[in-house]
Amino acid sequence: MRSHFGVLALAGVRVEVMGDIAKRRPDGTWEAPPDLATPVRWVDVMDMRLPVLALEYECAAYRAMGRVEQAELLRRWLAAHPSRQ
């Protein structure tokens with residue numbers, strides 16, 4: 001996997017930012033980054049309107065990367081908050 005990556009603090013919360021994520025194919029070439037227009041949600045924070053990925057999308061992405069613990073945390077949160085999806 002490759003991507004652009006950054007970390008920032010927003011109101012005391014650590015936020016990780018990734019862009020242009022690409023996966024390497026078995027032959028060594030790179031897939032194009034996915035089109036993120038569909039899973040993007042907009043949130044308002046401190047007079048800013050910010051694009052974020054839907055948690056359902058993030059959960060699936062974590063699973064695909066083998067980050068099962070993070071995926072499970074998101075799955076449990078989504079199950080406990082169905083109206084927030």
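The values are calculated or read from the model by the stated rules, or taken from the named source; none is laboratory data. Note that the coordinates shown come from a computational prediction; the quantities given were computed from them, not determined experimentally. We place every Cβ from the backbone using ideal geometry, glycine too, and count neighbours over all the protein chains shown. With ligands, DNA and RNA removed, areas are computed over all heavy atoms of the protein, side chains included. Shrake-Rupley method; radii C 1.70, N 1.55, O 1.52, S 1.80 Å.
When residues in region 28-49 are screened for being out of contact with any Pro (no Cβ under 9 Å at 6 or more places or on another chain) and either open to solvent by less than 50 Å² (accessible area, probe 1.4 Å) or of a type in the set (Gly, Ala, Ser) (or both), 5 of them pass.
Condition test on Arg67, is it open to solvent by 70 Å² or more (accessible area, probe 1.4 Å), closer than 20 Å to Phe5 by Cβ and either without any contact (Cβ under 8 Å) to a residue 24 or more places away in the chain or in contact with a Gly (Cβ under 8 Å, 6 or more places away or on another chain) (or both)? Even if it seems obvious, please write down each step before you answer.
Values: open to solvent by 70 Å² or more (accessible area, probe 1.4 Å): yes; closer than 20 Å to Phe5 by Cβ: yes; either without any contact (Cβ under 8 Å) to a residue 24 or more places away in the chain or in contact with a Gly (Cβ under 8 Å, 6 or more places away or on another chain) (or both): yes.
Against the criterion (open to solvent by 70 Å² or more (accessible area, probe 1.4 Å), closer than 20 Å to Phe5 by Cβ and either without any contact (Cβ under 8 Å) to a residue 24 or more places away in the chain or in contact with a Gly (Cβ under 8 Å, 6 or more places away or on another chain) (or both)), Arg67 qualifies.
Going through region 51-64 one residue at a time, which ones are surrounded by 13 or more Cβ atoms within 10 Å (Cβ to Cβ) and outside any helix (DSSP H, G or I)?
Selection gives Val52, Leu53, Ala54.
Among the candidates Arg41, Arg24, the residue that is at pLDDT 90 or above and not aliphatic (A, V, I, L, M) is uniquely Arg41.
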